[in-house]
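Dropping the structure in here first, questions after.
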Amino acid sequence: MRALCVLAGLALTGAPAAAQSAQAEVLGTIDAFLAAMRAKDTAAMAQHTDTLTRLTLLRPGPNGTRVVVLRGSEFFQAVARPDQPAIDEPIRKPVVQIDGDLATVWAEYQVRRDGKVTHCGYDAFHLARLGGKWKILNVSDTYRSSGCGEPW
């Protein structure tokens with residue numbers, strides 16, 4: 001659905017068809033990754049990432065912001081733990097930039113567990129087109145536990 005809204009917006013602005021297609025492919029990779037995360041499907045998450053993928057998470061700490069860096073495989077295992085509820089992390093208002101085989105996406109997100117918003121912020125995705133397919137290389141995010149509003 002999100003990809004269709006982006007495509008409709010691009011059609012109205014007169015963006016070239018190739019750019020629309022590439023943007024839809026980039027957003028499709030992110031949507032598929034987030035769906036796999038929601039399903040706790042580590043194999044599917046791995047299909048949409050590179051073996052060197054990292055997650056760079058900015059989190060509040062006792063002395064200000066701390067940076068947590070996880071390998072993709074570490075993140076997959078953390079979100080797929082059977083003793084935890086699934087993580088639903090929709091994004092909205094994505095801004096996609098593409099140059100050749102590099103893409104970035106900046107988007108607002110909410111994290112929901114059992115239908116309740118636990119935190120929100122912004123995701124910054126970096127993707128590369130590898131072997132003709134877009135793969136997530138890095139995801140960085142900000143973090144707020146208040147002011148997130150109701151689930152979208």
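Given a 1.4 Å probe and heavy atoms of the protein chains only, how would you sort ILE98, ILE91, largest accessible area at the top? Kindly include the intermediate steps, with their values, before the conclusion.
Values: ILE98 60, ILE91 0 Å².
Ranking ILE98, ILE91 by accessible area, largest first, yields ILE98, ILE91.
Still on this structure, I have one more. Return the single residue from ASP31, ASP114, ASP123 with maximal mean-square fluctuation; model: Gaussian network over the chain, springs between Cα atoms under 10 Å.
ASP114
Measure nothing but the geometry: give the 0 to 90° angle between the long axis through the Cα atoms of 2-13 and the longest principal axis through the Cα atoms of the chain, rounded to 10°.
Helix 2-13 sits roughly 40 degrees off the main axis of the chain.
Per residue, how much accessible area does region 60-152 show when a 1.4 Å probe rolls over the protein heavy atoms, in square angstrom?
Numbers: 5240 Å² over 93 residues.
About 56 Å² of surface per residue is accessible.
Turning to a different aspect of this structure: Using only Cα atoms, tell me the angle between helix 17-38 and the longest principal axis of the chain; keep it within 0 to 90° and round to the nearest 10.
On a 0 to 90 degree scale, this one is about 20.
From the C-alpha gyration tensor of the chain, pull out the three semi-axes of the equivalent ellipsoid (sqrt of 5λ each), sorted largest to smallest, in whole Å.
Values: eigenvalues 129, 67, 47 Å².
They are 25, 18, 15 Å, listed from largest to smallest.
Please state the relative contact order of the chain as a whole percent: Cα pairs under 8 Å, 6+ residues apart? Intermediate results must be reported in sequence, preceding the final value.
Working: 271 pairs, mean separation 31.9, N = 152.
Relative contact order for the chain comes out at 21 percent.
Divide by every residue of the chain the summed helix terms, -39500 (n - 2.57) for each DSSP H run of at least 4, and state the resulting mean residue ellipticity at 222 nm, rounded to the nearest 500 deg cm²/dmol.
Numbers: 4 runs with 48 residues, N = 152.
So the calculated ellipticity at 222 nm is -10000 deg cm²/dmol.
The values are calculated or read from the model by the stated rules, or taken from the named source; none is laboratory data. Quick caveat, the model's predicted, so the values are computed rather than measured. Areas reflect the complete protein model, heavy atoms only, side chains present, ligands, DNA and RNA absent. Shrake-Rupley method; radii C 1.70, N 1.55, O 1.52, S 1.80 Å.
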